[in-house]
Amino acid sequence: MNTTDKKLADAQAAAAVSMAEARESACEAKTAVTDAASAAKESAADKLGDIKDAAADKLGDIKDAAADKLGDIKDAAADKLGDIKDAAADKFGDIKDAAADKLGDVKEKGSDILDKVKGFAADILHKGAAGAENLADKLDN
């Protein structure tokens, strides 16, 4: 083998070794990138899970606080409604009493008027009967 062929063979052998090393290095790089991507994905998933848990806790706190406030508002409204109901009952009682007094006055006045009408009717009937008697006496004579 001459020197040129030997140099060519040596160069080919060196190139083959370099190619094998390059392939191995590329495989190692691919594995490292894949591992790093998986680790980043897991880390992101963990962070998102932490954020989700924190948000759920905060929303639970907000929900509890809102429920407490609504309960307080409901209780205050019930108290106020009770006060209004009591005040209305008192007012309606006063109105009922005043109406009963007025009705009593109307009944009394109506009774007085009825008594006057009865007396007037009795006077008319009495005078009519006396006039009829007087007329009958005159007719008999």
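Odds and ends about this structure:
- Answer from Asp10, Asp86 - the residue that is in a helix (DSSP H, G or I) and modelled with pLDDT of 90 or more: Asp86
- When Ala129, Ala29 are screened for being surrounded by 10 or more Cβ atoms within 10 Å (Cβ to Cβ), at pLDDT below 85 and not acidic (Asp, Glu), only Ala129 passes.
The values are calculated or read from the model by the stated rules, or taken from the named source; none is laboratory data. Being a predicted model, the structure only gives us computed values, none of them experimental. No Cβ is skipped: glycine too gets one built from the backbone with ideal geometry, and neighbour counts run over all protein chains shown.
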